[in-house]
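J.: If you scroll down you'll find the structure; I have some questions about it.
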Amino acid sequence: MRDDIPELQNKIYRGDTQAFKELYDYCCAPLLQLALAIVHNREMAEEIVADVFIAVWRKKKDLHQVSNLKWYLYAATRNIALNYLRKYAHKKTLHLDEAYSLEYEINPEAQLISNEMMRHINMAISELPPQCRLIFKLVKEDGLKYREVAVLLNVSIKTVENQVGIALKKLTKMKSFLITPLPGGQ
């Protein structure tokens, strides 16, 4: 997780396009996953994320008023996605391949784990219910606090705690399965 977001924010405030590109590259995938979880349409989710970044660039002179840019981006994505749902609700179609296309991305530390183990872990995460998978990703990968996720997804903090607990239990079962020795001592 990057810790130089405030530095990027200051550079963007001053009009630095390279800093804006770095912010986009860092935040685009998680914001796209959030938008996709809300609108269930890939093209619409991509448009939402583009709208968020266009708004950030257009209002870059107001960035000094934002205390947590990452949280701001998540909230803006959620709000724009909900606006899209209201605006296009009558045209909404659900494609199953899009509804379940959230993926768990591997962070650098996790790359030390064998490919086989990562395949099993990713399979376990992909088998989580969509809301559970999204909450787990927002908390564990993106580093959001339970309270922030609860506000972002309009659920209770207890729901976030329960969903993370469900995900961790499933992954713990997967871990014990992976480290159990094979019959014959192999």
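Every number in this text was worked out from the coordinates using simple rules, so none of it is lab data. Everything numeric in this text was worked out from a predicted model, so none of it was measured. Cβ atoms come from the backbone with ideal geometry, glycine included; neighbour counts cover every protein chain shown.
J.: Can you tell me which lysines have their Cα less than 25 Å from the Cα of residue 169? Leave out same-chain residues fewer than eight positions away.
T.: Answer for residue 169, where 25 Å is the Cα cut-off: 137, 140, 145, 158, listed by chain and number.
J.: Sort 32-39, 136-143, 164-171 by the packing proxy (mean of other Cβ within 10 Å over each peptide's residues), most packed first.
T.: Values: 32-39: 22.4, 136-143: 19.1, 164-171: 15.2.
Ranking the peptides 32-39, 136-143, 164-171 by packing returns 32-39, 136-143, 164-171.
J.: Mind running the shape call on region 5-96? Use the C-alpha gyration tensor, a ≥ b ≥ c as the square roots of the eigenvalues: rounded below 1.5 for a/c, prolate if a/b tops b/c, oblate otherwise.
T.: Details: a/c = 2.60, a/b = 2.16, b/c = 1.20.
Cα axes put region 5-96 in the prolate bin.
J.: Another one. Whole Å is fine, so just give me how far the alpha carbon centre of region 42-75 lies from that of region 1-39.
T.: With region 42-75 and region 1-39 each reduced to a Cα centre, they are spaced 8 Å.
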